[in-house]
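S.K.: Have a look at the structure that comes next, please.
The values are calculated or read from the model by the stated rules, or taken from the named source; none is laboratory data. All figures in this text were calculated on a predicted structure; none of them were measured in a lab. So basically every Cβ, Gly included, is an ideal-geometry build from the backbone, and we count neighbours across all protein chains shown. Areas reflect the complete protein model, heavy atoms only, side chains present, ligands, DNA and RNA absent. Shrake-Rupley method; radii C 1.70, N 1.55, O 1.52, S 1.80 Å.
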Amino acid sequence: MCGIAGYVGPRNAIEVVYDQLKRLEYRGYDSAGIAFLNGGSGIKIVKKAGKLTELGKALGDDVPEAHIAIAHSRWATHGGPTDENAHPHFDQFEDIALIHNGIIENYLELRTELAKDGHVFHSETDTEVAAHIIGREFSRGVPLEEAVRVAVGKMRGAFAFVAFSRQEATKFVAARNFSPLIVGLGDGENMVASDVPALLPYTRDVIYLEDDRVATITTSGVTIQDLDGNVMETPVNHVDWDLSAAEKGGHEHFMIKEIMEQPEVVRGCLAGRIDEGGKVRLEQVFSDQVWHGIDRVNIISCGTAYHAGLMGKYLFEKMLRLPTDVFFSSEFRYSDPLLSPDSLAVFISQSGETIDSLAALRLCKQRRIRTLGIINVVGSAISRECDRTVFTQAGPEISVASTKAYTAQCLVLKLLALYIAQVREMPGVRVDEHVAELRSLAGKFESALQVSAQVKTLAEKFIDAKLAFFLGRNADAHATREGALKFKEICYIPTQECPAGEMKHGPLALIEKGTLAVFGATDPDIREKVGSNIREIQARGGFAWVITTDNDDSLDTVGDLVTKIPSTNDPYLSALLSVIPMQLFSYHLANLKGLEIDQPRNLAKSVTVE
Ligand code: F6R
């Protein structure tokens with residue numbers, strides 16, 4: 001998704017914002033640009049379609065000296081990824097340069113109104129309209145922050161933008177409505193970015209800008225106002241993330257680094273949440289009375305987080321007998337959902353900024369439904385707006401394809417289910433036994449990662465695959481769905497994923513000689529049936545890669561290749577572990593194909609448009 005960077009201070013601002021954009025590259029983008037004060041000759045904008053290196057070439061080796069600059073990496077929404085559509089954009093008078101994330105929904109209306117007043121546009125973007133609206137106000141003689149406030153009041157949609165003017169080039173102004181924006185506080189310098197890693201080399205003290213806030217940023221300080229111009233007190237957060245934690249740590253790609261980090265993620269996620277007495281401790285959640293009253297759970301999320309939600313449904317219904325539905329956030333919002341007043345809405349999100357989930361959350365709040373977030377990024381919008389949030393504590397996830405966040409999301413769901421069982425004193429659930437199993441889980445993740453070499457050999461065999469099936473039953477069906485998403489995201493190979501028993505009702509027609517079918521077969525209760533499904537595939541010439549547990553040999557002579565992961569006493573955790581070989585498989589295959597793993601085409605890390 002688009003990246004925002006801005007700097008004012010004694011360093012060369014062009015070099016700083018360029019470096020900040022580099023640190024946001026993981027968000028995915030298709031063009032980039034910079035605006036800076038070019039001595040006495042006004043604002044200069046340099047922008048190019050393509051990767052940052054193109055912008056670097058356009059800037060040339062002899063980068064001018066500037067002490068205020070804003071920069072942007074764009075992921076096209078309105079208008080294609082061209083030089084003209086890249087940000088920053090000027091206003092009508094070239095007094096103001098502006099960068100923007102998100103979408104201005106009423107931009108056509110505003111554009112028509114401005115055109116009638118003689119405004120001429122040079123791009124197809126909604127962003128340029130925002131620049132012109134601000135420019136029009138500014139030309140009436142008001143300070144930039146006031147012009148921005150008036151403009152924000154006229155725009156509908158989800159957006160964040162940053163602007164500075166030729167006339168007041170010692171400050172820039174940032175505004176947020178829905179899309180993330182973070183102000184970094186330095187010593188004699190200040191900055192802004194759409195995500196924390198861009199700020200880390202310069203400062204650890206940050207302000208997460210709230211919705212409908214306008215920040216005025218100079219070298220000496222930051223003032224935050226609401227849309228009526230009232231100065232707002234805003235807390236400063238100290239970010240503990242180590243810079244190296246946001247970098248690749250010696251691996252070729254962030255994705256493999258993040259896959260390999262999972263044992264640590266399991267430890268981090270469980271830290272302080274299971275005690276010596278075999279109990280689960282989740283401090284931030286609701287009172288016992290609330291837990292007793294909940295009659296239904298609705299899990300609302302997107303992509304990988306949706307797949308974690310499917311695991312949650314399996315768990316809540318099986319362990320707690322608590323009716324649970326899982327919704328795609330983008331569908332939930334427009335489906336006029338039936339919500340029981342005693343239901344709990346659970347929002348799962350790595351970034352905590354996914355606009356579809358945020359909108360669904362706001363709908364639940366309007367309907368006065370209790371909300372709980374399972375979120376990775378502390379300070380993110382969804383985490384702030386949920387009634388309660390349990391953080392996944394997985395650390396920053398940079399690779400667009402989510403891996404470690406999924407593991408942590410599934411673990412928090414497990415902790416939550418155990419916590420509810422504990423509060424409700426469910427007779428059939430031995431929380432202490434589950435906790436004992438959780439204690440050994442990080443070690444099992446370490447062992448599961450040992451399959452990497454075997455899986456790489458398999459990837460070599462299927463490097464030219466045109467289609468792959470991902471199949472399982474019960475929790476294995478949900479886990480293989482997540483395996484399939486990784487495969488299509490980074491290998492660009494179509495997949496068919498469905499419960500294994502469903503194949504014969506249609507998808508089996510697609511099996512040809514040599515077609516790969518990945519089977520999750522970790523659940524002992526249903527393994528025999530999965531064995532029959534494997535044979536159905538093989539009878540049509542398909543190749544069955546079977547992932548099962550190391551305490552079972554019943555499929556050893558059945559699968560064309562069998563990969564063993566450590567066994568657990570819990571089908572939920574076994575299915576979760578089975579995702580590791582699938583993550584590694586996709587990674588190795590994409591790497592063998594020489595694909596751009598951390599930023600797959602057409603995708604973005606934080607999806608802040610609907
Ligand atoms: C898949 C992936 C996406 C995200 C989805 C939700 O690898 O990363 O499918 O899971 O966009 O994002 P969050 O969890 O940030 O709400």
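S.K.: It is to be established whether one or more residues within segment 297-317 are open to solvent by 70 Å² or more (accessible area, probe 1.4 Å) and either in contact with a strand residue (DSSP E or B) (Cβ under 6 Å, 6 or more places away or on another chain) or touching a residue at least 12 places away in the same chain (Cβ under 8 Å) (or both).
M.R.: There is no residue in segment 297-317 that is open to solvent by 70 Å² or more (accessible area, probe 1.4 Å) and either in contact with a strand residue (DSSP E or B) (Cβ under 6 Å, 6 or more places away or on another chain) or touching a residue at least 12 places away in the same chain (Cβ under 8 Å) (or both).
S.K.: Can I ask one more? Cβ-Cβ distance below 8 Å, separation of 6 or more or different chains: which pairs start in segment 483-494 with a residue that is more than 13 Å from the ligand (Cβ to nearest atom) and end on one that is open to solvent by 10 Å² or more (accessible area, probe 1.4 Å) and at pLDDT below 95?
M.R.: Close Cβ pairs (under 8 Å, with a partner that is open to solvent by 10 Å² or more (accessible area, probe 1.4 Å) and at pLDDT below 95) amount to TYR492/ARG601.
S.K.: Could we say that LYS456 is at pLDDT below 95, open to solvent by 10 Å² or more (accessible area, probe 1.4 Å) and in a helix (DSSP H, G or I) here?
M.R.: no
S.K.: Quick test of your reading of the structure: ILE597 fulfils all but one of (1) farther than 22 Å from ALA468 by Cβ; (2) surrounded by fewer than 24 Cβ atoms within 10 Å (Cβ to Cβ); (3) within 16 Å of the ligand (Cβ to nearest atom). Name the failing condition by number.
M.R.: All conditions are met except number (1).
S.K.: Here is a follow-up. Filter segment 262-306 down to the residues that are of a type in the set (Lys, Arg) and more than 19 Å from THR403 (Cα to Cα) and list them by number.
M.R.: ARG273, LYS279, ARG281, ARG296
S.K.: Which condition number does GLY278 fail, the rest of (1) outside any strand (DSSP E or B); (2) within 16 Å of the ligand (Cβ to nearest atom) being met?
M.R.: Here GLY278 clears every test but (2).
S.K.: May I ask you to list the residues in segment 518-552 that are part of a strand (DSSP E or B) and of a type outside the set (A, V, I, L, M, F, W, C)? Explain how you work it out, then say what you get.
M.R.: Step one: filter segment 518-552 for residues part of a strand (DSSP E or B), giving 518-520, 543-549.
Those that are part of a strand (DSSP E or B) and of a type outside the set (A, V, I, L, M, F, W, C): GLY520, THR548, THR549.
S.K.: Filter segment 488-517 for residues that are assigned to a helix (DSSP H, G or I) and among the acidic types (Asp, Glu); which is surrounded by the fewest Cβ atoms within 10 Å (Cβ to Cβ)? Reasoning before the result, please.
M.R.: Filtering segment 488-517 down to residues assigned to a helix (DSSP H, G or I) leaves 488-491, 500-505, 507-510.
Checking which are among the acidic types (Asp, Glu) leaves us with 489, 502.
Details: GLU489: 23, GLU502: 15.
Per the criteria, the residue is GLU502.
S.K.: For the list (1) of a type in the set (Ser, Thr, Tyr); (2) touching a helix residue (DSSP H, G or I) at 6+ places or on another chain (Cβ under 7 Å); (3) on the phi > 0 side of the Ramachandran plot, I need the number of the one condition that TYR492 fails.
M.R.: (2)
S.K.: What are the residues in segment 547-563 that are β-branched (Val, Ile, Thr), over 11 Å from ILE534 (Cα atoms) and over 33 Å from the mean Cα position of the chain (by Cα), if any?
M.R.: The one that is β-branched (Val, Ile, Thr), over 11 Å from ILE534 (Cα atoms) and over 33 Å from the mean Cα position of the chain (by Cα): THR557.
S.K.: Please identify the pairs in which a residue from segment 381-410 that is of a type in the set (Phe, Trp, Tyr) has its Cβ atom under 7 Å from the Cβ atom of a residue that is more than 10 Å from the ligand (Cβ to nearest atom) and modelled with pLDDT of 95 or more, counting only partners at least 6 apart or on another chain.
M.R.: Pairs that qualify, where the first residue is of a type in the set (Phe, Trp, Tyr) and the partner is more than 10 Å from the ligand (Cβ to nearest atom) and modelled with pLDDT of 95 or more, are TYR406/VAL579.
S.K.: So GLU397 passes all but one of these: (1) away from the ligand (no atom under 14 Å from the Cβ); (2) over 19 Å from VAL326 (Cα atoms). Which condition number does it fail?
M.R.: (1)
S.K.: Of all the residues that make up segment 389-406, how many are outside any loop (DSSP other than H, G, I, E, B) and under 21 Å from PRO600 (Cα atoms)?
M.R.: 3
S.K.: Given the options LEU449, LEU416, LEU471, LEU485, name the one that is outside any helix (DSSP H, G or I) and among the aliphatic types (A, V, I, L, M).
M.R.: Going through LEU449, LEU416, LEU471, LEU485 in turn, the sole match is LEU471.
S.K.: Filtering segment 18-69 down to residues that are acidic (Asp, Glu) and over 24 Å from the mean Cα position of the chain (by Cα), which residue is most open to solvent (accessible area, probe 1.4 Å)?
M.R.: Per the stated criteria, the residue is ASP61.
S.K.: Given the conditions (1) away from the ligand (no atom under 11 Å from the Cβ); (2) within 15 Å of CYS269 (Cα to Cα); (3) modelled with pLDDT under 95, which single one is not true for GLY428?
M.R.: Here GLY428 clears every test but (2).
S.K.: Still on this structure, I have one more. Conditions: (1) modelled with pLDDT of 95 or more; (2) open to solvent by less than 10 Å² (accessible area, probe 1.4 Å); (3) touching a strand residue (DSSP E or B) at 6+ places or on another chain (Cβ under 9 Å); (4) within 27 Å of GLU261 (Cβ to Cβ). LEU344 meets all but one. Number of the miss?
M.R.: Tallying (1) modelled with pLDDT of 95 or more; (2) open to solvent by less than 10 Å² (accessible area, probe 1.4 Å); (3) touching a strand residue (DSSP E or B) at 6+ places or on another chain (Cβ under 9 Å); (4) within 27 Å of GLU261 (Cβ to Cβ), LEU344 fails exactly one: (4).
S.K.: Moving to a separate point now. Hey, can you tell me all the residues within segment 3-17 that are in contact with a helix residue (DSSP H, G or I) (Cβ under 7 Å, 6 or more places away or on another chain) and either open to solvent by 10 Å² or more (accessible area, probe 1.4 Å) or without any contact (Cβ under 8 Å) to a residue 24 or more places away in the chain (or both)?
M.R.: none
S.K.: Of the conditions (1) in contact with a helix residue (DSSP H, G or I) (Cβ under 9 Å, 6 or more places away or on another chain); (2) open to solvent by 10 Å² or more (accessible area, probe 1.4 Å), LEU411 clears all except one; give me its number.
M.R.: (2)
S.K.: Give me the residue from segment 210-241 that is touching a Ser or Thr at 6+ places or on another chain (Cβ under 8 Å) and within 23 Å of SER351 (Cα to Cα) and, out of that set, surrounded by the most Cβ atoms within 10 Å (Cβ to Cβ).
M.R.: ALA215
S.K.: Can I ask one more? Of everything in segment 440-482 that's without any contact (Cβ under 8 Å) to a residue 40 or more places away in the chain and under 20 Å from LYS513 (Cα atoms), which residue is nearest to the ligand (Cβ to nearest atom)?
M.R.: In this case the residue turns out to be LYS466.
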